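The values are calculated or read from the model by the stated rules, or taken from the named source; none is laboratory data. Bear in mind the structure is a predicted one, so any value in this text is a computation, not a measurement. Here the Cβ positions follow ideal geometry from the backbone for every residue, glycine too, while neighbour counts run over all protein chains shown. The protein model used for the area step is the full one, side chains on, heavy atoms only, and it has no ligands, DNA or RNA in it. Shrake-Rupley method; radii C 1.70, N 1.55, O 1.52, S 1.80 Å.
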Amino acid sequence: MPLPTPDHEALTAVAAGYGLGLSSDDVEEFAPVVAGLLGSWDAVEELYDAEAPTAPERAWTRPEGDDNPYHAWYVTTSITGSSDGPLAGRTVAVKDNTEVAGVPMTNGSATVDGFVPSTDATIVRRLLDAGATIAGKAVCEDLCFAGASITASTGDVENPWDPTRSAGGSSSGSAALVAAGVVDMATGGDQGGSIRMPASNCGLVGHKPTWGLVPYTGAFPIEFTIDHVGPMTRTVTDAALMLSVIAGPDGDDPRQPSDLQAEDYVGALRSGAQGLRVGVLREGFGLPESEPETDEAVRSAITALSDAGMTVSEVSVPWHLHGPKIWDVIATEGATSQMIDTYGYGLNWKGRYDPEVMDHYGRRWTEDGSRFPDTVKLVLLAGKYGLNTTHGRHYAMARNLAPKLAAAYDAALADVDLLVLPTVPMRATVRPGRDARPPELLARALEMLANTSPFDVTGHPACSVPAPLADGLPVGMMLVGRQFEDATVLRAAHAYEQAVGGFPTPTAALSAQA
């Protein structure tokens, strides 16, 4: 579609917005030059259209009622690729922030509703090539900006352990479907803890890979420097298996080091964890929002690490307490600029873009900003004020502090192999009503980020595994390792799983209570 030639009124509005000081006559003089320059836009579109992919025909349905347990499916499918491979016969739910060609994607939001991608995300292609069956798109929180399952445009996702409580977010549907045994495994995305927090709430294994280990290509971005995708499973072996399939360079994601090499993470589990040194991160416990039951459950789980042959000691990283504040600035100003003002993908990086979703989403949100959830409205109110007032100064300061935060963890990890702390300071909370006012909704959506968000800033690999239940509800224990030593994190998690005899499921736990 040719770009419309801007009229006098449109150019005057642009000039006024930037305070260019152009008179009406000045605008008239610029107009033909602007029109000539914009001809290149049409030429680029013609060149792109000649190479643009076409979405395949793939069957999908919108399940309702009993066909949509815990309200966790956006759409269901049965898409296969290879007939064999390490994931042959396994079903996977794909978080609805990640593109499956020919299948609708909303990213949990009315601002994306109606978009159908033309290509598979890299991780989806790799899952299909490995023999997996894509069973559908799992509901995620609205634009993935909530840690509780209370913002998706399709409604709340329920927690299989207690349907009145949050499944966690933003990978809420992924967590519920895996926990309930509806699918074997799921993909999740993590910018502030969105793999690990729902894994904690639903009693799963949720692994946030090292930043850049898994290509983000084809997933809806929030902020380039904190975007991650990774596995959500019931066992550590399955998490290692999925990571082995989806990790490694794809040539389209500049987050990935040029010399990156993925590992056989399943094979690494056979090395065991005997002799690994684990540091109990003092600052991860006893936070103002911490529940004593959560801290106690994780300390009980740490005993099992010793039983599995690991050496346990306490370590202190005072900068851990600064991490959430640094994340606040990066995630708020960064998402305002990238996810909103430049339509999801941002500009100025050498990677693969999706121009169709940028245009679709950009048109929809600019037509009606009221479609944004309260969490994103909060981001915009604070983020745009900050950007307009200090012109990115605080974002720049936060990004410059990120290496110091990473170095603080690295200093501790020079003396131990892993850090351990509660994933989320509290158990799953009761979901507020959909008519809740912003203060209550925002509190429930953002209260759980303190321990997870710093590792999105630094990019360290972090895996949540189930600690002992607390009054019948799951608690997550998080293991954090050195950059690109995801195998070590998974080795420790696997040894812990074996030491405790496996992880409980909601069906088994509820039956035992009955």
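THR164 meets all of the listed conditions (1) open to solvent by 10 Å² or more (accessible area, probe 1.4 Å); (2) over 23 Å from PRO215 (Cα atoms); (3) in contact with a helix residue (DSSP H, G or I) (Cβ under 7 Å, 6 or more places away or on another chain) but one, namely (3). Of the strands (runs of 3 or more DSSP E) lying entirely inside the stretch 396-514, those containing at least 1 residues that are surrounded by fewer than 19 Cβ atoms within 10 Å (Cβ to Cβ) and in contact (Cβ under 8 Å) with a residue 60 or more places away in the chain span 462-470. Taking the criterion of being polar (S, T, N, Q) and out of contact with any strand residue (DSSP E or B) (no Cβ under 7 Å at 6 or more places or on another chain), the residues of the stretch 291-319 that qualify are THR303, SER316. Taking the stretch 221-236 as the range and being open to solvent by 10 Å² or more (accessible area, probe 1.4 Å) and of a type in the set (A, V, I, L, M, F, W, C) as the test, only PHE224 passes.
Residues of the stretch 293-311 that are surrounded by 19 or more Cβ atoms within 10 Å (Cβ to Cβ) and more than 14 Å from MET478 (Cα to Cα): ALA308, MET310. Residues of the stretch 50-65 that are open to solvent by less than 90 Å² (accessible area, probe 1.4 Å) and part of a helix (DSSP H, G or I): ALA50, GLY65. Restricting ALA101, ALA110 to residues that are assigned to a loop (DSSP other than H, G, I, E, B) and either modelled with pLDDT under 95 or open to solvent by less than 10 Å² (accessible area, probe 1.4 Å) (or both) narrows the list to ALA101. Among the candidates ALA132, ALA121, the residue that is modelled with pLDDT of 95 or more and out of contact with any Gly (no Cβ under 6 Å at 6 or more places or on another chain) is uniquely ALA132. The residues of the stretch 1-27 that are in a loop (DSSP other than H, G, I, E, B), within 24 Å of GLU45 (Cβ to Cβ) and without any contact (Cβ under 8 Å) to a residue 12 or more places away in the chain, listed by number, are PRO4, ASP7.
For the stretch 178-191, filtering for residues that are outside any strand (DSSP E or B) and closer than 22 Å to ALA110 by Cα leaves 2.
Scanning the stretch 120-174 for residues that are touching a Lys or Arg at 6+ places or on another chain (Cβ under 8 Å), in a strand (DSSP E or B) and of a type in the set (Gly, Ala, Ser) yields ALA138, SER166.
From the list ASP359, ASP368, ASP341, ASP354, the one residue that fits, being farther than 30 Å from ALA301 by Cα, open to solvent by less than 20 Å² (accessible area, probe 1.4 Å) and out of contact with any helix residue (DSSP H, G or I) (no Cβ under 6 Å at 6 or more places or on another chain), is ASP354. Might you check whether a residue that is part of a loop (DSSP other than H, G, I, E, B), over 19 Å from PRO231 (Cβ atoms), open to solvent by less than 20 Å² (accessible area, probe 1.4 Å) and modelled with pLDDT of 95 or more occurs anywhere in the stretch 71-90? No: the stretch 71-90 contains no residue that is part of a loop (DSSP other than H, G, I, E, B), over 19 Å from PRO231 (Cβ atoms), open to solvent by less than 20 Å² (accessible area, probe 1.4 Å) and modelled with pLDDT of 95 or more. Against the definition (in a helix (DSSP H, G or I), at pLDDT 95 or above and within 21 Å of GLY481 (Cβ to Cβ)), how does ILE330 come out, yes or no? Here the answer is no, as ILE330 does not meet what is asked.
Residues of the stretch 371-382 that are crowded, with 19+ Cβ neighbours inside 10 Å and either in a loop (DSSP other than H, G, I, E, B) or more than 20 Å from the chain's Cα centre (by Cα) (or both): PHE372, PRO373.
Taken together, the criteria place SER194 among residues that are in a loop (DSSP other than H, G, I, E, B), buried (at least 24 other Cβ atoms within 10 Å of the Cβ) and of a type in the set (Ser, Thr, Tyr).
Take ILE246 and decide whether it is in contact with a Cys (Cβ under 8 Å, 6 or more places away or on another chain) and modelled with pLDDT of 95 or more. Here the answer is no, as ILE246 does not meet what is asked.
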